[in-house]
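Report on the structure given below.
The values are calculated or read from the model by the stated rules, or taken from the named source; none is laboratory data. Since we're looking at a predicted model, the values are computed, not measured. Glycine gets a Cβ as well: all are built from the backbone with ideal geometry, and neighbour counts include every protein chain shown. Each accessible area value is taken on the protein alone, full model and side chains, heavy atoms only, with ligands, DNA and RNA left out. Shrake-Rupley method; radii C 1.70, N 1.55, O 1.52, S 1.80 Å.
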Protein chains: 2
Amino acid sequence: MPEPDRPLVLSQTAAGLLRDKILRGELAPGTPLREVIWAEALNVSRNTLREALRDLVAEGLIEHRPHHGATVRALTSAEISEIYTIRLTLELRGVTCSAYASKEAMAELVERVEAVQRAALARDWKQSGTASLEFHRQIVSFIGSPRLDELFASVAAQARLAFSLASDARRFQEPWVARDVEICSMLCDGDRAGASRALELYLQESERVVLEAARSHGLPRPSRSAAPAAD
Amino acid sequence: MPEPDRPLVLSQTAAGLLRDKILRGELAPGTPLREVIWAEALNVSRNTLREALRDLVAEGLIEHRPHHGATVRALTSAEISEIYTIRLTLELRGVTCSAYASKEAMAELVERVEAVQRAALARDWKQSGTASLEFHRQIVSFIGSPRLDELFASVAAQARLAFSLASDARRFQEPWVARDVEICSMLCDGDRAGASRALELYLQESERVVLEAARSHGLPRPSRSAAPAAD
DNA sequence: CAGGAAAATTTTGTTCAACAAATTATATCG
DNA sequence: CGATATAATTTGTTGAACAAAATTTTCCTG
């Protein structure tokens with residue numbers, strides 16, 4: 001018997017393709033997404049593409065100004081700061097709620113921090129960054145709210161968007177591994193106050209680094225029409 | 001000179017009309033929103049209505065299952081509980097951040113709790129409920145994140161949706177007034193630990209009451225086609 | 001009469017062509 | 001050169017159309 005939830009809808013498929021391209025960094029922030037061009041590129045009608053764009057706007061990956069069209073979202077430094085404000089809110093609460101976390105959930109947490117270590121050992125910094133986000137995601141999941149989980153996922157996606165390419169550099173990822181491990185062990189020991197402090201410092205420094213990278217990389221690249229590469 | 005941001009877009013106007021009807025309780029949870037019917041009722045094309053529906057889905061006011069269409073969102077008790085989980089997360093963090101709130105922001109807080117008292121004195125329980133939510137909204141705003149403000153607004157809208165009509169009863173609103181006042185004065189005194197405790201109890205009890213109301217009122221009313229009243 | 005297959009109907013998903021309105025680019029004139 | 005009128009793009013919206021999926025009705029059979 002097939003899964004109960006499978007009715008693929010074209011507009012969501014199209015949204016998925018666009019989402020991938022954006023998160024993969026193929027579409028620089030600020031790039032305009034012209035309706036006719038992308039409808040053609042994704043092989044859907046303009047109406048369907050517009051519905052896909054609306055979904056991506058809701059996810060915060062693209063912006064939309066009436067009569068100006070959609071553009072890949074370019075985060076201002078204020079918005080980058082907000083990302084860390086949100087992360088702090090969610091993760092601190094997650095730490096508090098870890099008091100009532102199940103055995104399995106805590107095991108999963110350890111699992112994920114080990115994945116971070118493995119990736120770091122292999123010098124795979126891209127993977128290390130992804131794994132680290134998964135670790136923090138697990139902390140948030142202790143709250144037990146799917147909607148907050150989703151918010152974290154969205155915020156994490158935008159964070160990646162902020163330093164799209166430059167994030168696979170070693171100095172961008174290496175310093176955090178040990179701190180993830182430390183936070184994890186504190187949580188396992190039930191030292192939630194210590195974990196909270198460590199987490200707050202962690203996020204403060206991370207914000208500083210990302211803001212710096214964003215500033216040097218320059219925020220508003222003009223970026224012209226951006227023809228979608230043929231598949 | 002007119003405002004710089006005014007380009008009203010029809011799909012958003014339509015979404016606004018629908019949103020009002022839903023929050024006003026004119027459309028019971030579970031009511032299906034048939035595309036042709038409502039396109040006609042709101043005087044827009046079906047395509048435009050679909051874009052409006054997509055916005056309301058993103059806001060969490062309606063659900064949408066592929067090939068089944070949109071329905072006014074009917075919250076399960078699990079989802080109602082989640083609303084309070086989210087409120088707790090946001091409001092507790094707001095209390096913490098109140099340490100760095102500006103003089104004006106604190107004055108605004110007092111302003112709003114006074115509005116709650118005024119409405120209660122006037123026995124306007126509907127207004128009292130609205131004002132109370134505005135008070136708690138102000139607490140969340142101490143965090144300083146527009147996106148979290150928006151999340152709270154969305155969650156509050158859904159909470160209202162949960163006990164649409166029955167909420168203007170006296171016993172539904174009266175007990176909370178004094179507690180809002182207490183929390184406010186604690187915050188003004190800088191007693192954030194006390195405010196946190198009070199807030200947690202407040203939300204726990206509120207959740208209990210709303211869950212009870214939802215259970216008695218019955219969750220999934222069938223509710224047939226629901227012809228939109230002529231304007 | 002129950003039960004269920006088959007057909008008819010409804011409703012959603014998607015496309016296409018068209019056009020008005022707003023924006024952006026271009027050319028024209030002082 | 002700068003302001004302005006004109007043309008070219010691009011978005012917003014519509015209406016009709018049709019395929020696919022879901023719902024309802026019909027009808028047959030045990």
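All conditions but one from (1) within 12 Å of chain A (Cβ to nearest Cβ); (2) small (Gly, Ala, Ser); (3) within 16 Å of DNA strand C (Cβ to nearest atom) apply to B:Gly60; the one that does not is (3). The residue that is least open to solvent (accessible area, probe 1.4 Å), counting only those in the range A:103-113 that are in contact with a helix residue (DSSP H, G or I) (Cβ under 9 Å, 6 or more places away or on another chain) and either of a type in the set (Gly, Ala, Ser) or without any contact (Cβ under 8 Å) to a residue 60 or more places away in the chain (or both), is A:Ala105.
For first residues located in the range B:193-210 and among the β-branched types (Val, Ile, Thr), partners that are part of a helix (DSSP H, G or I) and lie 6+ apart or on another chain with Cβ distances below 7 Å form the pairs B:Val210/B:Ile80; B:Val210/B:Ala162.
The lone criterion from (1) within 10 Å of DNA strand D (Cβ to nearest atom); (2) in contact (Cβ under 8 Å) with a residue 12 or more places away in the chain left unmet by A:Leu56 is number (1).
Residues that are in contact (Cβ under 8 Å) with a residue 40 or more places away in the chain, of a type in the set (S, T, N, Q) and within 16 Å of DNA strand D (Cβ to nearest atom): does the range A:68-85 have at least one? Checking the range A:68-85: at least one residue is in contact (Cβ under 8 Å) with a residue 40 or more places away in the chain, of a type in the set (S, T, N, Q) and within 16 Å of DNA strand D (Cβ to nearest atom). Right, A:Ser98: farther than 25 Å from A:Glu26 by Cα and within 14 Å of chain B (Cβ to nearest Cβ) or not? Spelling it out, A:Ser98 is indeed farther than 25 Å from A:Glu26 by Cα and within 14 Å of chain B (Cβ to nearest Cβ). The residues listed here are B:Ile62, B:Ile37; of these, the one that is among the aliphatic types (A, V, I, L, M) and touching a Pro at 6+ places or on another chain (Cβ under 8 Å) is B:Ile37. Kindly indicate whether A:Asn47 is at pLDDT 95 or above and away from DNA strand D (no atom under 15 Å from the Cβ). When the stated conditions are applied, A:Asn47 does not pass them. Residues in the range B:22-32 that are surrounded by fewer than 18 Cβ atoms within 10 Å (Cβ to Cβ) and either more than 16 Å from DNA strand C (Cβ to nearest atom) or assigned by TED's automatic domain parsing to the domain that holds B:Lys126 (or both): B:Leu23, B:Arg24, B:Gly25, B:Glu26, B:Ala28. Within the range B:38-52, residues that are without any contact (Cβ under 8 Å) to a residue 12 or more places away in the chain reach partners that are within 10 Å of DNA strand C (Cβ to nearest atom) and open to solvent by 20 Å² or more (accessible area, probe 1.4 Å) with beta carbons closer than 7 Å, at six or more positions or on different chains, in the pairs B:Ala39/B:Ser45; B:Ala39/B:Arg46; B:Arg46/B:Glu35; B:Arg46/B:Val36; B:Asn47/A:Asn47.
Condition check ((1) open to solvent by 70 Å² or more (accessible area, probe 1.4 Å); (2) assigned to a helix (DSSP H, G or I); (3) at pLDDT 95 or above; (4) assigned by TED's automatic domain parsing to the domain that holds A:Ile62) across all residues:
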site: A:Cys97; (1), (2), (3), (4): no, yes, yes, no
site: A:Gln127; (1), (2), (3), (4): yes, yes, no, no
site: A:Ser132; (1), (2), (3), (4): no, yes, no, no
site: A:Phe135; (1), (2), (3), (4): no, yes, yes, no
site: A:Ile139; (1), (2), (3), (4): no, yes, yes, no
site: A:Val155; (1), (2), (3), (4): no, yes, no, no
site: A:Val177; (1), (2), (3), (4): no, yes, no, no
site: A:Met186; (1), (2), (3), (4): no, yes, yes, no
site: A:Ser206; (1), (2), (3), (4): no, yes, no, no
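Within the range B:33-68, count every residue that is open to solvent by less than 40 Å² (accessible area, probe 1.4 Å) and within 20 Å of B:Ala214 (Cα to Cα). Count: 3.
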